[in-house]
Amino acid sequence: GTHVPISLVTVRYGEIPAMISAYGTVSGGANSRASLAFPQAGTIATIAVAVGDRVEKGEIVARLDPGLLENEVEGAQANVQSAEANYRRTAAGTRPQQLGETDAQLQGAQTQLSLARTQLERERNLQSYGVASRADVEGAEAALASAQTQHAVLVQQRAIQQRPWQPDVDAARAAIAQAQAALAGAQRRLTYANLAAPFAGIVVARLHNDGESIDANAPVIEIASDHGSVFTAQFAPSDAARIKI
């Protein structure tokens, strides 16, 4: 019969390279640049880098003169302390010395009120005997009305001093919150006096020098990332299943 030649080979397992197309974008590397600027106007105290220097992420590359900003923080701190002291004073009410003065005035007003009542009663009696005139009685009535008014005013004053008026307390508390917010803003602006690198890279431009005055958001330094580029690809589902990461 006919003999068919047979070849014997060893079976091997492996990968078969295949070409797969993909679409995507390249980011990072020389494509990543940042123009650094201060968010507020001021005078540059120092620029700590030169063109060609490598910087790390978060490294301070420039500073504004902090003098005015520090003064603003100190003033805001003083305002907070003043507001807190005013709140304590308002919430505590009147000092004991003032209460003592009001009590003394109130006692005097009570004495005058008693005397005015006695005088009015006397004048009315004298009028009934025909000794006092109508004018004398009216004068005594006016004196009594005045004494009653003075006494009522002091009684109200003493009540207010004994218990602080709540609207005043609320206003004093609100003043503390307002002063604290102003302090937080001043402290935040002080931190803005430092210009930090947003990522590691190379300084490719230095647009200002020490001692120069700059406007807010004026570019000072440009940095380019020195990290490798990243390609973000998009594959068809059938091709993506064939990819081994």
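The values are calculated or read from the model by the stated rules, or taken from the named source; none is laboratory data. Everything numeric here is computed off the predicted structure, so don't read it as measured data. So basically every Cβ, Gly included, is an ideal-geometry build from the backbone, and we count neighbours across all protein chains shown. These area figures cover heavy atoms from the full protein model, side chains too; ligands, DNA and RNA do not enter into them. Shrake-Rupley method; radii C 1.70, N 1.55, O 1.52, S 1.80 Å.
Label points 7 Å out from Cα along the Cβ direction at I16 and A85: separation in nm?
Each label point is offset 7 Å from its Cα along the Cβ direction, giving 8.9 nm.
Picking from R124, R163, R54, which is most flexible by a Gaussian network model of the chain using Cα springs under 10 Å?
Largest GNM mean-square fluctuation: R124.
Order L190, L183 by their accessible area, 1.4 angstrom probe, all chains in place, largest first.
The ordering from most to least exposed comes out as L190, L183.
Counting pairs of alpha carbon atoms under 8 Å apart in space and at least six apart in sequence, what relative contact order in percent does the range 1-147 give?
Averaging sequence separation for qualifying contacts and normalising by length gives 13 percent for the range 1-147.
Set the Förster distance to 30 Å, then compute FRET efficiency between Y192 and D170 from the Cβ-Cβ distance, nearest 0.05.
Between Y192 and D170 the formula returns 0.35.
Projecting each Cα onto the charge dipole of the chain (Lys/Arg +1, Asp/Glu -1 at the beta carbon, about the Cα centre), which of I44, V73, I176 comes out farthest on the positive side?
Value computed over the given set: I176.
If packing is taken as the mean number of other Cβ atoms within 10 Å per residue, what is the order of 61-72, 99-110, highest first?
The densest-packed peptide leads the list: 61-72, 99-110.
In nm, what is the difference between 0.36 nm times the number of residues separating S213 and A41 and their Cα-Cα distance?
Residue separation times 0.36 nm, minus the Cα-Cα distance, leaves 61.2 nm.
Is it possible to state the helix-based mean residue ellipticity at 222 nm for the chain, with each DSSP H run of 4+ residues giving -39500 (n - 2.57), the sum divided by total residues, to the nearest 500 deg cm²/dmol? What is it?
Result for the chain: -17000 deg cm²/dmol, rounded to the nearest 500.
Between S32 and residues 5 or more places away or on another chain, which pairs have amide H atoms under 5 Å apart, with H built 1.01 Å from N, and which residues are they?
It is S225, by chain and number.
Quote the FRET efficiency, to the nearest 0.05, computed for A177 versus A205 with a Förster distance R0 of 45 Å and r equal to the Cβ-Cβ distance.
Taking R0 as 45 Å, the efficiency between A177 and A205 is 0.55.
What FRET efficiency do you get for S128 and V155 if R0 is 30 Å and r is their Cβ-Cβ distance, rounded to the nearest 0.05?
0.35
Considering the chain as a Gaussian network with a 10 Å cut-off on Cα pairs, which listed residue, T191, T25, T46, attains the greatest mean-square fluctuation?
Comparing T191, T25, T46 in the GNM, the peak value goes to T25.
Using Kirkwood radius over Cα pairs in Å as the read-out, say which of (i) 20.1; (ii) 19.5; (iii) 28.0 was calculated from these coordinates.
Among (i) 20.1; (ii) 19.5; (iii) 28.0, the one calculated here is (iii).
Using unit Cβ charges (K, R positive; D, E negative) and no other charged atoms, how large, in debye to the nearest 20, is the dipole of the chain about its Cα centre?
About 780 debye.
Which of these, A177, A145, A76, has the largest mean-square fluctuation under a Gaussian network model of the chain (Cα springs below 10 Å)?
Taking springs between Cα atoms under 10 Å, the residue moving most is A145.
Residue separation times 0.36 nm, minus the C-alpha to C-alpha distance between R163 and R33: what's the value?
My answer for the length gained is 40.4 nm.
Quick check for you: which residues of the range 205-245 have the amide N under 14 Å from the point 7 Å beyond the Cα of T25 toward its beta carbon?
Taking a point 7 Å out along Cα→Cβ of T25, the residues of the range 205-245 whose backbone N falls under 14 Å are 230-234.
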